[in-house]
Amino acid sequence: MSAIVRRLGPGASLAAAILVALALAAAAAPLVERALGLDAEAVDLFGRLAPPSAAHPLGTDELGRDLLLRLLYGGRVSLTVGVVAAVAAAAIGTAIGLAAGYLGGRTDAVLMRFADGVIALPLLPLLIVLAAVDLTKLGLSPEAAASETVLLGRLVVLVALVGWPTTARLVRAAALSLRRREFVEAARALGFSPLRVAVRHVLPNAAAPILVATTLAVGNVVLFESVLSFLGLGIRPPTPSWGNMLTGAQELIWESPRLAVWPGVLIFATVVSVNLLGDALRDALDPRSRRRAAGGARGGE
Amino acid sequence: MLRYLAGRIVQALVVLLLLSAATYVLLGLMPGDPIDLMVGADPRITSQDIARLKALQGLDRPLWERYLHWLGAALHGDLGYSRLYTQPVLDIVADRMPRTLVLIGLALAVALAVALPAATVAARNPGGIVDRGVNLLCFAGISVPPFWLALILIIVFAVVLGWLPAGGTVGAEGGGLLDRAAHLVLPVATLAAASVAAYTRHLRAALIEALGEDYVRTARAKGLSERVVTMRHALRNALLPVVTLLGLDLGSLVSGALVTETMFAQPGMGKTIYDAVMGNDYNLALVGLLVAAAATLLGNLAADLAYARLDPRIVYRAEPGA
């Protein structure tokens, strides 16, 4: 434990602790619900916008629901989507980066041009169009299209579709240098197929950049999820997410600014922690980057 | 150089063409179609009327035929009619585009004005207290959800302090330039935040690297002051990667403009695209999206050309197959 803290530095260790705490709190939502003796979905129109009290530690929202419980349940959704979509994005990015870096030549040029194109395009307007697609027109039954699983799945797919280029670039860079190494040459000389060499010999050695890219991707994905949900195109109420809890908050900003603070603080804390952790992981795993100590989670460097 | 430029422009046009086709198909998948919306508005409509209306609007023909028809008309300058605003799409875009350009331009200027000194101060003593502070602020900048930053700014400056308006472009009295400027302060600050952080991080890293180069040692050795060494020698070289970053960042700025304009009720391109998608205004959504993409691609190209101009070592040649 102390060895990890030493390698990551105090800031990143604190970030990791915050993330663990947030995840545990979200996981414990049903327990908190029972301990408080409340129902997270219970609407109480007489107790709307109540200030913090013993019964409601953070007060209630515009429908009289307990804010703390909504935040915890929202955290489950936001964090799950964040991790699942980031892993999906990293998987796509790894496959593309590996193909580009290992095969090189024209494949590399085409794939990387494509990645650059995705990074350069205005993603949010595109995501909004994609998120507005009516799934019943794609042959889904109305019930299935409105189900929570399908909506969550769609959000994961959408965010993964735009989140992969960062990983692709990092993995490509690693694969480019790895494919010239002796052990890869040896594997090729033994007559293994390119796929086997790439997956069994190159991929495991690119684990460090993949880990860093996945971590940084979680931050980006949580941001994308929150803004899409905020705009009404991601997680739909009554299912809470940190993003869609802020939608109602904007209309009530004059009456109850308190509602706008908490969900945002949690998104912010999550993303800052993830970015700090990703940066520290990069430095810890790649001694060369310590000197440069830069690059951004934004813009996909 | 000219061949390179021509190649890049052709590339951008191909991207736009593909994007228009993809978006056209996607918009066809959005809920409802124009006729459904008319049916909803008029209870006396008959099924013959519906068939007639569909034929009139060309909705009985296959999707690809409709797309080619749209494309042909668009290339002749006919971008269609907006259902939401009952105005030609071109007029709406011409009205909204300048507002967004002003917003993005101001945000870019603010971002550079803050990032340059911040990065210079931070790079002077890497690892020092100032550097750490700047670094922490940068992390905050890239991590804050833009719409939440907007909410917090509204709460602090409009609700609590009452110094600035919470949204819109002009006050109730339809004030002058100062009033318009006041309405732009919060949107520009929101939009600039993420860019400030990104530029500062990159510039700081580039500066630290430049300050370790031989020519900086030479400049110091001949007795130049630290200020001259930093400003005249290191900074000029460190600015180069930032030019590329500016080009790449345009896409994020356009995305950011969508959020910012929606939050602050600014009638620009971003809010127009959002409203068009939410209101099933296909023509407007399609054109808005393409205009945003075209602007971004142009910005990228401009950044690459500026880079070549600033760095005499870079020579662009048309590469085969690219």
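The values are calculated or read from the model by the stated rules, or taken from the named source; none is laboratory data. The shown structure was predicted, so the numbers you read here are calculated from the model rather than taken from an experiment. Cβ coordinates were reconstructed from backbone atoms using ideal geometry, including for glycine residues, and neighbour counts include every protein chain displayed. For the accessible areas, the whole protein counts, side chains as well, though only heavy atoms, and no ligand, DNA or RNA atoms are used. Shrake-Rupley method; radii C 1.70, N 1.55, O 1.52, S 1.80 Å.
Summary of values
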read-out	value
Filtered residue count, the range B:264-281, keeping only those that are within 10 Å of chain A (Cβ to nearest Cβ) and open to solvent by 10 Å² or more (accessible area, probe 1.4 Å)	4
For B:Pro43: the one exception among (1) in a helix (DSSP H, G or I); (2) at pLDDT below 75; (3) loosely packed, with under 10 Cβ neighbours inside 10 Å	(1)
In the range A:124-148, the residues that are facing another protein chain (nearest Cβ under 7 Å) and either touching a residue at least 40 places away in the same chain (Cβ under 8 Å) or in contact with a strand residue (DSSP E or B) (Cβ under 6 Å, 6 or more places away or on another chain) (or both)	A:Leu124, A:Ile128, A:Ala132
Subset of the range B:102-114 (residues that are open to solvent by 60 Å² or more (accessible area, probe 1.4 Å), of a type outside the set (Val, Ile, Thr) and touching a residue at least 12 places away in the same chain (Cβ under 8 Å))	B:Leu106
Within the range A:104-140, tally of residues that are under 20 Å from A:Gly234 (Cα atoms), outside any helix (DSSP H, G or I) and open to solvent by less than 60 Å² (accessible area, probe 1.4 Å)	3
Qualifying residue in the range B:294-316 (condition: in a loop (DSSP other than H, G, I, E, B) and among the basic types (Lys, Arg))	yes
Any hit, the range B:168-176, residues being part of a loop (DSSP other than H, G, I, E, B), in contact (Cβ under 8 Å) with a residue 24 or more places away in the chain and touching a His at 6+ places or on another chain (Cβ under 7 Å)	yes
Residue that is under 26 Å from B:Gly268 (Cα atoms), within 14 Å of another protein chain (Cβ to nearest Cβ) and not in a loop (DSSP other than H, G, I, E, B), where the choices are B:Leu149, B:Leu137	B:Leu149
Among residues of the range B:288-307, those that are more than 7 Å from chain A (Cβ to nearest Cβ) and under 11 Å from A:Leu126 (Cα atoms), counted	2
Filter result for the condition that a residue is away from chain A (no Cβ under 11 Å) and assigned to a helix (DSSP H, G or I), over B:Ala219, B:Ala285, B:Ala205	B:Ala219
Selection status of A:Ala28, open to solvent by less than 60 Å² (accessible area, probe 1.4 Å), free of Cβ contacts under 8 Å to residues at least 24 places away in the same chain and aliphatic (A, V, I, L, M)	no
Test result for B:Leu305, modelled with pLDDT of 80 or more and over 15 Å from the mean Cα position of the chain (by Cα)	yes
Only one of A:Leu170, A:Leu190, A:Leu155 that is touching an Asp or Glu at 6+ places or on another chain (Cβ under 7 Å) and either at pLDDT 85 or above or among the acidic types (Asp, Glu) (or both)	A:Leu155
Flag for B:Leu289 being more than 12 Å from the chain's Cα centre (by Cα) and either at pLDDT 80 or above or farther than 18 Å from B:Leu101 by Cβ (or both)	no
A:Ala95 under 17 Å from A:Leu158 (Cα atoms) and surrounded by fewer than 22 Cβ atoms within 10 Å (Cβ to Cβ)	no
Selection within the range A:224-242 - hydroxyl-bearing (Ser, Thr, Tyr) and either free of Cβ contacts under 8 Å to residues at least 60 places away in the same chain or part of a helix (DSSP H, G or I) (or both)	A:Ser226, A:Ser229
The range A:238-286, residues that are surrounded by fewer than 18 Cβ atoms within 10 Å (Cβ to Cβ), facing chain B (nearest Cβ under 8 Å) and within 23 Å of the chain's Cα centre (by Cα)	A:Val261
Residue that is assigned to a loop (DSSP other than H, G, I, E, B), within 30 Å of B:Leu207 (Cα to Cα) and either open to solvent by 50 Å² or more (accessible area, probe 1.4 Å) or not small (Gly, Ala, Ser) (or both), where the choices are B:Pro126, B:Pro117	B:Pro126
Enumeration of residues in the range B:78-100 that are touching a residue at least 40 places away in the same chain (Cβ under 8 Å), under 14 Å from the mean Cα position of the chain (by Cα) and open to solvent by 60 Å² or more (accessible area, probe 1.4 Å)	B:Arg99
Residue list for the range B:215-230, restricted to those being open to solvent by less than 90 Å² (accessible area, probe 1.4 Å) and either in contact with a strand residue (DSSP E or B) (Cβ under 9 Å, 6 or more places away or on another chain) or under 18 Å from B:Asn125 (Cβ atoms) (or both)	B:Val216, B:Ser225, B:Glu226, B:Val228, B:Val229, B:Thr230
Which listed residue, of A:Ala23, A:Ala40, A:Ala16, is closer than 23 Å to A:Val83 by Cβ, hydrophobic (A, V, I, L, M, F, W, C), at pLDDT below 75 and open to solvent by less than 60 Å² (accessible area, probe 1.4 Å)	A:Ala40
